[in-house]
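The values are calculated or read from the model by the stated rules, or taken from the named source; none is laboratory data. Just so it is clear, the structure is predicted and the values come from calculations on it, not from any experiment. With ideal geometry, Cβ positions are generated from the backbone for all residues, glycine too; neighbour counts draw on all protein chains shown. We work out accessible area using only protein heavy atoms, side chains counted, and drop any ligands, DNA or RNA first. Shrake-Rupley method; radii C 1.70, N 1.55, O 1.52, S 1.80 Å.
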Amino acid sequence: MWLLWLAWVLPVLGIAASSSPSPNPTAPPLDQASIFADLTPAELRAVRTFLMSRPELGLSPSRRGPLAKNTLFLVELLPPKKRLALHYLDRGGPRPQRQARAVIFFGAQAEPNVTEFAVGPLPRPSSYRPLRFKGGRAVPFTARPMTQLEYELLHRTLAEAMEPLYRLLRDSTGFWYHNCSRHCLTFSDIAPRGLASGERRSWLILQRFVEGFFLHPVGLEVLVDHRDPDPRRWAVQRLWYNGQYFSSPQELAEQYERGTLAVARLAEPPFQQLFSSYEPRGRFTTGTPTEVHGAKVCEPQGQRYRLRGNQLEYGGWSLAFRLRSSAGLQLFDLRFNGERLAYEVSVQEAIAFYGGHTPAAMQTKYMDAGWGMGSVTYELARGIDCPDTATYLDAHHFYDADGPVRFSHAICIFELPTGVPLRRHFDSDFQGGFHFYAGLEGQALVLRTTSTVYNYDYIWDFLLYPNGVMEAKVHATGFIHATFYTPQGRRYGSRVHSHVLGNLHTHLVHYKVDLDIAGTGNSFETMDVRFENISNPWSPGARVVQPPGRGGRWVIPPPWHPHNVGLLLAPGNGPDPAPVPCRYHLAVTRHHENEPTSSSIYAQNDPWEPLVSFEGFLRNNETIEDQDLVAWVTVGFLHVPHAEDIPNTATPGNAVGFFLRPFNFFDEDPSVASRSPVIIRPLDPPTFSQLEIQRWTPASPGPCVAPGPFTYNGTYRQE
């Protein structure tokens with residue numbers, strides 16, 4: 001049995017592992033895992049070449065030309081249907097046909113839209129067919145994610161609109177927007193883009209373009225309507241400057257020229273030790289050294305895990321993994337000692353809901369799958385983002401590009417000393433000695449990637465422990481989303497610098513957990529632990545207070561908020577509750593092939609009429625007893641920004657996740673199969689001058705070999 005433990009800061013579900021350097025004879029064959037492997041660069045190019053050759057699609061290159069054209073936006077693996085995959089994996093059925101998911105923006109039509117296609121068979125595609133969302137709805141063109149081309153056109157529109165404000169911006173900030181070469185302004189855009197479905201109006205926050213520009217708002221926010229595919233019809237609709245609203249740039253400029261404007265004058269930023277930079281400044285009072293390297297991870301006898309293609313093995317664990325361009329890490333076919341525990345565990349969505357006094361702040365409801373959360377997996381720095389000893393893997397994304405783009409070192413895999421024993425006991429004789437000591441060092445295998453979604457950096461981890469536990473965890477770091485400080489804004493955050501308000505926000509992360517424990521026929525129960533007050537059976541008149549465990553079925557219909565209600569989205573909150581699966585700490589549904597994800601890349605720009613409505617997953621009143629079940633898990637935290645978030649939010653205290661833990665699934669702790677414990681017994685008590693030390697690894701781990709000098713490239717280029 002696997003029990004789902006749920007807690008707000010660190011929820012818990014149920015799985016298994018143990019560490020052994022010998023081959024795992026019950027692991028699935030390597031070629032089986034490859035049905036879940038990401039598309040190769042050759043396959044990505046083949047899909048593009050095939051679709052570009054189809055005259056009826058009328059495709060043009062993405063990165064140049066007008067918006068009103070047909071372009072191929074995204075290509076990634078279309079995973080096989082679960083029933084087909086299990087028939088192949090478990091019953092020797094035919095290998096599922098390898099296919100791609102292709103997203104095309106049809107902007108050159110009288111009624112522009114977005115259409116998704118299944119393209120195959122790979123590696124030599126010869127056909128395509130439309131993919132339909134549940135309910136058969138089409139994707140509105142206004143719901144499409146932003147592209148680099150649209151950003152370039154927005155930049156031109158803004159540069160032209162800011163020309164009347166040249167003197168105001170130059171005099172108050174020392175920077176300006178149009179015709180600048182050194183002291184330039186930039187912008188960050190806000191979503192959702194409007195107040196209703198069909199709109200595409202973005203608030204833009206103007207910032208000084210210096211290192212860490214997210215922390216340098218200048219007090220000007222601009223609302224641009226860019227719904228029309230023809231940018232000549234785009235227009236600035238509103239402006240906000242230092243607490244006041246204006247209908248046009250000319251109105252704002254006229255007030256400045258008349259001397260009636262409350263001007264926010266900013267000091268010139270220093271050339272060195274800028275507060276938003278990582279440059280060291282100040283000193284620790286203890287004087288302990290920081291100019292030398294700290295502790296490092298080493299593998300004195302080599303790696304204890306095996307990586308073959310996209311199949312990863314560690315002790316009793318085996319799994320297949322991929323890195324989706326749309327949403328990030330996705331695990332398939334998780335097994336322990338050959339027995340499947342989960343068909344899929346994957347990241348679905350990351351949401352950040354903000355409050356504020358400025359229009360941009362109050363409008364900010366980020367849904368990061370709509371920003372290509374899985375495609376912004378930039379290079380991991382060896383020895384910082386991952387240990388020096390880690391295995392690093394490249395990723396290839398076809399997202400808003402004209403071919404596959406290689407992201408070097410986008411994934412890392414490493415064994416991590418946890419710094420705490422997995423288990424230990426000192427058996428005292430209570431006379432100054434002991435009967436025995438036994439301990440097993442704590443280690444876990446980590447699969448990691450990152451997503452840098454503009455200002456924020458998410459560090460995504462899946463950890464496998466030797467005692468049959470799997471952990472999913474995400475750390476939040478990077479720059480806070482900041483707006484210009486006004487006294488009224490303090491209600492919605494903290495003043496973190498002279499003109500900077502760190503806006504209060506809630507991070508919510510959604511996962512899909514498709515557990516298949518001893519097959520696909522599973523049920524779900526909770527354990528309700530309450531104290532009981534009963535008569536003492538061996539002492540009449542006395543009472544006993546104790547906690548019994550009570551099992552109970554869990555019913556989904558109402559939103560379930562067992563802990564801090566304020567951190568989740570109550571019904572009716574947000575643009576629309578339907579696209580927000582993160583309203584629920586936990587929801588359990590029947591598996592359906594037409595419900596593969598809880599969100600979509602379109603939810604950000606059309607949250608009012610979402611293409612994927614998670615509420616629809618729950619409202620069908622299906623039984624969840626002895627069925628193929630999927631658990632949808634939400635974790636998150638409330639972030640009240642503070643001065644210590646400068647220059648970046650730190651990872652300690654800003655990590656959340658959940659555990660998969662076995663519950664009476666094994667006969668004993670499966671980590672007993674590990675050969676890493678140490679047992680110490682005295683041979684001559686009570687003198688304790690001779691000890692028997694039992695271990696199954698070399699007596700000494702040996703030296704940690706120092707790697708070569710630090711190197712970093714950081715580029716990601718189309719090949």
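Assorted remarks:
- Electrostatic dipole magnitude of segment 148-258 [Cβ: Lys, Arg +1; Asp, Glu -1; Cα centre; debye, to 20]: 40 debye
- Of every Cα-Cα pair in segment 41-131, the percent that sits beyond 22 Å: 33 percent
- Highest average packing first - 467-477, 149-159, 32-42, 620-630, Cβ atoms within 10 Å: 467-477, 32-42, 149-159, 620-630
- The accessible surface of the chain, taken with every protein chain in place and a 1.4 Å probe, is 53 percent carbon and sulfur.
- Using alpha-carbon coordinates, inclination of helix 41-52 to the longest axis of the chain, degrees: 40 degrees
- In terms of its Cα atoms, the chain spans 94, 67, 67 Å along the principal axes, sorted from long to short.
- Mean Cβ count within 10 Å, highest first, over the residues of peptides 61-72, 689-700: 61-72, 689-700
- For segment 148-258, the calculated P(r) over all alpha carbon pairs, in 10 Å bins from 0 to the bin holding the longest distance, is 14, 49, 32, 5 percent.
- When restricted to Cα atoms, segment 383-537 yields an Rg and a Dmax of 24.2, 77 Å, respectively.
- Rounded accessible area per residue of segment 411-548, 1.4 Å, Å²: 44 Å²
- Cross-link check: pairs Lys134/Lys365; Lys296/Lys512; Lys134/Lys512; Lys69/Lys512; Lys81/Lys365; Lys82/Lys365 evaluated at a Cα-Cα cut-off of 27 Å; pairs beyond the cut-off: Lys296/Lys512; Lys69/Lys512; Lys81/Lys365; Lys82/Lys365.
- Rounded to the nearest 20, the Cβ-based charge dipole of the chain about its Cα centre (Lys and Arg +1, Asp and Glu -1) stands at 900 debye.
- Extreme residue, positive dipole direction of the chain, given options Gly93, Leu51, Pro289 (C-beta unit charges): Leu51
- For segment 305-354, the solvent-accessible area works out to 16 Å² per residue, with a probe of 1.4 Å and every protein chain left in place.
- C-alpha long axis of helix 249-258 to longest principal axis of the chain, angle in °: 70 degrees
- Full extension of the chain segment joining Arg530 with Tyr151 gains 130.9 nm, where the gain is 0.36 nm per residue of separation less the Cα-Cα distance.
- Which of Phe637, Gly657, Val672, positive extreme of dipole for segment 606-678 (C-beta unit charges): Val672
- Cα centroid of segment 275-328 to Cα centroid of segment 167-227, whole Å: 36 Å
- The mean accessible area for residues of segment 41-131, using a 1.4 Å probe and ignoring ligands and nucleic acids, is 46 Å² per residue.
- Peptides 191-201, 369-379, 529-539 ranked from most to least packed by the mean count of surrounding Cβ atoms within 10 Å: 369-379, 191-201, 529-539.
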